[in-house]
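The values are calculated or read from the model by the stated rules, or taken from the named source; none is laboratory data. Fair warning: this is a prediction, and the values are worked out from it, not measured in the lab. Positions of Cβ are backbone-derived with ideal geometry, glycine not excepted, and every protein chain shown enters the neighbour counts. The area values use the complete protein model at the heavy-atom level, side chains included, leaving out ligands, DNA and RNA. Shrake-Rupley method; radii C 1.70, N 1.55, O 1.52, S 1.80 Å.
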Amino acid sequence: MNVAAKVNEPFNEVDTLSPDRYTADGCAQEVIKGLDLGFYQETRKPRHSDSSLSLSRVLIRASVDSVKITAEGVVTVSHAQAVDADSRDGDEHSSDEDQTEKLAEEEEEDKEEKEPKIRETPEDILFESGVNTVAFHPTREILAAGDLDGDIYVYEYSCIEGGNKELWSSGHHLKSCREVAFSHDGQKLFSISKDKSIHLMDVEQGKLVSKIAKAHSSSINSLLLIDENLFATGDDNGMLKVWDLRKGTSFMEMKQHEDYISDITIDLQKKILLTTSGDGTMGVFNIKRRRFELSSEFQNGDLTSVAIMKHGKKVACGSSEGMIYLFNWDEFGATSDRFAVRAESVDCILPITDSILCAASIDGVIRAINLFPNRVIGSIGQHVGEPIEQITKSFNGQFLASCAHDKKVKFWDISSLSDIVVKEYRNRKRKGGNLKSLSKKAVSGQDDFFSDLLEDPIGKKTPHEEKEDSEEDSDSD
């Protein structure tokens, strides 16, 4: 008997075990009935001599697994076809697993991409015009900047990449905005301009609260907030005014300088106010008694900036000649010391600690300088080839911000400066040395003045070298 023929043979009513011979269950039973005949017993010989029925045991066993049952009938499938089908099913299963793994990997990559990148400092902020002035908020991560067009911008800064966000901007000034400053409580923003006006703006809403249209007879150049009610301004003709917000007018007006007032500062007691001027002198004013005290002797070049150091015992002034002049407190008539920074100019200085200040120059470099002993410690950062207009320190002392002619406000990490200790002894200078980088963003540069920061190889010095050291260790000119 031919098994294949038997399987494919049409059903009849007598042989059919299922009520519906066309159902899958009925077909299966017919196959089982056909296989249940005596043809598949291993110990028996075939009943007929027909060669088509002489099936080997292996083929007979394989035939059970090679029968495919469908709802339409019974179809015989070869062993090779069955193996191939199983292989395809395995490949499809493997392919599904690979696809799942790939999707999981892509989801993981997307998750990593979405996680914000944390930077050491906030990203640079680029403006449409040159930035003259920049100021940090006293308690929050907010920064204000004023540009040459008279516009003021307030930003929220962040170390998260892409985290800087503009909060608002104002265009109330008709000419260049020369300085901005937050009030001590951080609720108001003061600004002065070349248009001779003083503006007070609400920090939260960015609205103009009040303004003094013709505060000076000439363009205003400098601003200092003394306390919550008092502030001082200086103009291009050397006029100093001290204002009281409660009255809305100035109560002290004095012209003791022959040129522009470049910078203003005051002592901790809010009594002695110091000014520097383009005429090369430092002015001393007593705002409690509302009188002028004295002027210092004339220095070479403009005095560009002023800072009180060493717990109020010293005063440092930057100059357009690249010198830093030092005065003893209550001895303002003549300098007590001076030293060259070897920059073309020192345009602005900012105290970081009682002994360390940062000085920005026309060469675009911000230098950290220690006083007593007088040393240039290294470079904080730079606006390559662009003169720096102003530098300022964040409320927590972590960042220094700078603005320059490249239309950018840049941030620098100065958190490590407070840990620096400068020794009295200074190693012998080595010519051609590099300016030491004090932050990851700072670029070291060539400057003979900074080469004394490099350590000398251990070895015995000759008498001639010791003499050179003695001469070079002098901090005064």
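Using heavy atoms of the protein chains and a probe of 1.4 Å, the accessible area assigned to H405 is about 90 Å². For segment 242-287, the Kirkwood estimate of hydrodynamic radius, built from reciprocal distances between every pair of different alpha carbons, is 11.5 Å. Taking R0 as 35 Å, what FRET efficiency do you get between D149 and K255 from their Cβ-Cβ distance, rounded to the nearest 0.05? FRET efficiency, D149 to K255: 0.75.
Residue order by solvent-accessible surface for T392, T121 is T392, T121, largest first, with ligands and nucleic acids left out and a 1.4 Å probe. When Y325, Y260, Y155 are compared by accessible area of protein heavy atoms, the largest-first order is Y260, Y155, Y325, using a 1.4 Å probe. Heavy atoms only, probe 1.4 Å: what % of the accessible area of segment 228-365 goes to carbon and sulfur, would you let me know? Carbon plus sulfur share of accessible area: 43 percent.
Computed with a 1.4 Å probe on the full set of protein chains, the accessible area for E108 sits at about 100 Å².
Once a ≥ b ≥ c are taken as the square roots of the eigenvalues of the Cα gyration tensor of segment 318-435, is the result rounded (a/c under 1.5), prolate (a/b larger than b/c) or oblate (a/b not larger than b/c)? Cα axes put segment 318-435 in the rounded bin. Across the protein chains, with a 1.4 Å probe defining accessible surface, the residues T353, T249 rank T249, T353 from largest area downward.
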